[in-house]
Amino acid sequence: MDPDKIGLEACFFVLVKTSEHDGDWQTRFRSALKERTEVVEAQQLAGEIDYLLKVQVANPRAYDRFYQSLISEVKVFNVTALLSMEELKYTTALPL
């Protein structure tokens, strides 16, 4: 489905860094992500950034509503949002 055709024109890649790593926090964070349909992909990372989220919304104001909702539910240390200007390549095919 084409996100632009259904009014979800803004794709944000969200880098989440946390100072919390206990099981309770992880459970609440994962639950918060599952409840938010704007999150179309979520990855736990190794390294300096803990999580990478792909968030599809209508516009930057919609992203801010998503962000405010998320941080009201779970504490995070730092969040960086990167707006995708153009999708150059997307596939779900694996290189067999």
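The values are calculated or read from the model by the stated rules, or taken from the named source; none is laboratory data. Computed from a predicted structure; not experimentally measured. For neighbour counting, all protein chains shown are included, and Cβ atoms are generated from backbone atoms with ideal geometry for every residue, glycine included.
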Open item on the list: Condition check: loosely packed, with under 11 Cβ neighbours inside 10 Å, outside any helix (DSSP H, G or I) and at pLDDT 95 or above. Does GLN43 satisfy that?
Closed with: yes
Task: Filtered residues of segment 62-96 (kept if without any contact (Cβ under 8 Å) to a residue 12 or more places away in the chain, more than 18 Å from LYS17 (Cα to Cα) and surrounded by fewer than 10 Cβ atoms within 10 Å (Cβ to Cβ)) - done: MET85, GLU86, LEU88, LYS89, TYR90, THR91, THR92, ALA93, LEU94, PRO95, LEU96
Task: Of the criteria (1) under 17 Å from CYS11 (Cα atoms); (2) assigned to a loop (DSSP other than H, G, I, E, B), which one LYS75 fails - done: (1)
